[in-house]
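The values are calculated or read from the model by the stated rules, or taken from the named source; none is laboratory data. As the structure is a prediction and not an experimental result, all values here were calculated from the model. Virtual Cβ from ideal backbone geometry, glycine too; neighbours counted across all protein chains shown.
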Amino acid sequence: MYEVIFAADRGFYVSSFKRKPDEPYTKPGCTFCAIRDRDPGVFTRRIHMDEEAIVLMNIYPYSPGHLQVIPPRHVEKLEELSHEELAYLMEYLQRSIYLAQETLKPEGYNIGINLGEAGASIPHIHIQLVPRYDNNPSLGQDKIHDIYLKNLDMMKGVERDIRMEDGSEPKIREIGEEVIEGDRIRVGLSSKPYNRGHMILLMPRPFHKETPDRLARIFFTAVKYKAVLERAYDPDGFNIGMNLGKVPQGSSRALHLVPRFRRESGFMEVIASTRIIVETLDEAERKILELVTSSPP
Ligand SMILES: [Zn+2]
């Protein structure tokens, strides 16, 4: 079972950067740095900008109200962010959820980070927040920008009591754990992986109920396990993300860490909605456990 979002605006964008195989990944100049520096030549729909976080509306959205939370400093690897920088981004991600929740009233969200060759078109780290709806509201980008700007004071509120219907907890094969302030984060391989090595970190509370500081520590735990997956599989990139609320129907306590491989796709994925994983779960478990035991993350 899979869902479809029709995001027509994005088509113009993605066809603008078709890359030849031998071209380097990074393009000269960085759109997000230009936005940070208020370059008048770059069109943007800014929501918030301070010394530590930038919140923009994605101008080629997946869905109405799609936001991006970005560190002002040009960083291409999650591990290069400081704890303070990441905690601040998490805080603004939560504030952005609150703003979207109170104004556009979606049924849920996808949160995601694309690393390396896993779908990121701008290498400067950015966290995507994609509101999900039963029925997409027919509001234009200008109108949504207006709504967001008019309600910006909501982002500043400290009380962010968001209620969201949660999906069921995904099944994992446990391979490790991290204890944060007495709470156990369970780390395991997904029993229904998108790719080999697909890991899930199960948090004690839903994303929107956690503190930014603890979220930063949980994301850095994912970064440590990403290093294990790099040693095990040498993937071309990673997707890190979460599904919150009723429409994505995920668990808002599950942080997914998914290695991406350029050449592992085919008609079964595309036509039969079925993933082919080129390794058994037992093999993956053995391989990862061996690495985790020989040098703990
Ligand atoms: Zn940049």
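Some points to look at:
- Residue check for Asp234: among the acidic types (Asp, Glu) and more than 24 Å from Arg286 (Cβ to Cβ): no
- Leu67 being out of contact with any Cys (no Cβ under 9 Å at 6 or more places or on another chain), within 13 Å of the ligand (Cβ to nearest atom) and within 22 Å of Gly140 (Cα to Cα): no
- Scanning region 198-240 for residues that are among the aliphatic types (A, V, I, L, M) and either within 18 Å of Glu85 (Cβ to Cβ) or part of a helix (DSSP H, G or I) (or both) returns Leu215, Ala216, Ile218, Ala222, Val223, Ala227, Val228, Leu229, Ala232, Ile240.
- Among the residues listed as Glu165, Glu178, Glu169, the single one being of a type in the set (Asp, Glu), closer than 23 Å to Glu91 by Cα and surrounded by 13 or more Cβ atoms within 10 Å (Cβ to Cβ): Glu178
- Glu76 being under 21 Å from Ala216 (Cβ atoms), within 16 Å of the ligand (Cβ to nearest atom) and in a helix (DSSP H, G or I): no
- Considering region 95-138, and only residues there that are over 21 Å from the mean Cα position of the chain (by Cα) and at pLDDT below 90, the residue that is surrounded by the most Cβ atoms within 10 Å (Cβ to Cβ) turns out to be Pro137.
- When Phe32 is tested against the conditions (1) within 16 Å of the ligand (Cβ to nearest atom); (2) among the hydrophobic types (A, V, I, L, M, F, W, C); (3) assigned to a loop (DSSP other than H, G, I, E, B), the lone failure is (3).
- Residue in region 12-29 that is over 26 Å from Gly250 (Cα atoms), at pLDDT 65 or above and within 16 Å of the ligand (Cβ to nearest atom) present: yes
- Test: residue in region 194-203 that is surrounded by fewer than 18 Cβ atoms within 10 Å (Cβ to Cβ), farther than 17 Å from Leu244 by Cα and free of Cβ contacts under 8 Å to residues at least 24 places away in the same chain: no
- Options Ser121, Ser168: the member that is closer than 26 Å to Ile5 by Cβ, of a type in the set (S, T, N, Q) and within 16 Å of the ligand (Cβ to nearest atom): Ser121
- Selection of region 79-93 for residues being away from the ligand (no atom under 16 Å from the Cβ) and either crowded, with 22+ Cβ neighbours inside 10 Å or of a type in the set (Ser, Thr, Tyr) (or both) yields Ser82, Leu86, Tyr88, Met90, Tyr92, Leu93.
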